[in-house]
Structures are given as structure tokens and as C-alpha cells.
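I have placed the structure first, in the form of C-alpha cells, so that the comments after it can refer back to it.
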Amino acid sequence: MNAERTAPRPLLYASSLVALLLSVLPLPQWLAWIRPDFLLLVVVWFALMAPRAGGLLFAFLAGLALDAFRGVVLGQHALAFVVVAYLVHRFHLRMRMFTLFQQSLFVLALLWLYQFLLFWIDGVTGHPVTDWMRWLPVLTGAMLWPVLAGFMGRFLSRA
């Protein structure tokens, strides 16, 4: 039982670091608009496939790290990550039974909720971004989900 809990830890740390770097990597403006929320997708994957390793504390710390790297209001990504991770924890047994297409639709809804929470927090703090391109990472993240789930699933089965 104890080995089951610690098996995904190296994968958790490595994939979180890579996702954080991909999230803050400087890109041209046209490409930055469609960049998926890599770190959130990793948080969702671990909350779904390894809920003991990728819990709410992991989501909170990943969100704080993203806040610190992006230089935004401290806690906005952390709050949004925790809300999304809670919903994944709440429905993870049902979600694991979904096909990849159905999971992608559920991830689309989670990414939309995440962007809406950030949109709301930005509005409350006086930094509104009302451009429609703000919502493009929701679509690209949902399209990336089957690739990420297959790729990460290969590593988890080896651990």
C-alpha cells in the first residue's frame, strides 16, 4: 500500500516542473494566445489518475508556483486550481470510466471554469481582460487532453 502511494511521486515532480516551464516559456504573441494551460492539465491528470499523490495541496502549490512565475495576483491561480482539482476529486471515479472523448469534454468544462474564475478574479482586482482570445486555451487544452493522458499513462504504468 505504501509503495502505491509513492510510486507516482517522481513522475509528479518531473511532469509538474516541465509543465510549469512550458507555461511560462516566452512565445510569440500569436502562439501565446493558444498555449494550453499545461500545469492545470497535469494537475487534472494527477487528481484523476493518482488522487492520493495529486491532491488539493498539490493543486494549491502548483497554482502558487504559477502565480509567482507569472507575477500576477498571488493566489488567483491557486484558487482556480484548487476548485478544479476538487471537482476532479469529486468525480474521479466516474470520470475514469469515460472514454477519452468524454473525458475531453469534461476537461473542456473544467478549463472553461478555470478561465472563468481567472476572468472573475481579474475583474474584481481591476485587471479585466475582455478579449475573446482569452478563451482559446480552453479549446487547445481540451484537444491536448487525449495526447497528455496517453503520454502520462505510459509513464505511470512503468512506475
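Every number in this text was worked out from the coordinates using simple rules, so none of it is lab data. All of these numbers come straight from a predicted model, not from anything done at the bench. With ideal geometry, Cβ positions are generated from the backbone for all residues, glycine too; neighbour counts draw on all protein chains shown.
Data for the structure
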| item | result |
| --- | --- |
| Folded to 0 to 90 degrees: helix 9-24 orientation relative to the chain principal axis, Cα | 20 degrees |
| Between 0 and 90°, nearest 10: helix 56-70 axis offset from the chain longest Cα axis | 40 degrees |
| Mean-position separation - Cα centroids, the range 93-132 and the range 12-79, in angstrom | 13 Å |
| Inter-site label distance for Thr140 and Leu64 at 7 Å from Cα along Cβ, in nm | 2.9 nm |
| Where labels lie 7 Å past Cα in the beta-carbon direction, separation of Phe116 and Met133 in nm | 2.4 nm |
| Rounded if a/c under 1.5, otherwise prolate or oblate - the range 19-104, Cα gyration tensor axes | oblate |
| Taking the chain and dividing mean pair separation by its residue count, relative contact order in percent (alpha carbons under 8 Å, at least six apart) | 25 percent |
| Most positive-pole-ward Cα, Ala109, Leu41, Ala149, against dipole of the chain from beta carbon charges | Ala149 |
| Charge dipole magnitude, Cβ of K and R +1, D and E -1 - the range 2-158, Cα centre, debye nearest 20 | 520 debye |
| Cα-based helix-to-principal-axis angle, 38-49 vs the chain, degrees rounded to 10 | 30 degrees |
| Calculated [θ] (222 nm, deg cm²/dmol) that DSSP helices of n ≥ 4 give over the chain, each run adding -39,500 (n - 2.57) | -25000 deg cm²/dmol |
| Virtual paramagnetic centre 7 Å along Cα→Cβ of Ala32, amide N under 17 Å, in the range 59-93 | 66-73 |
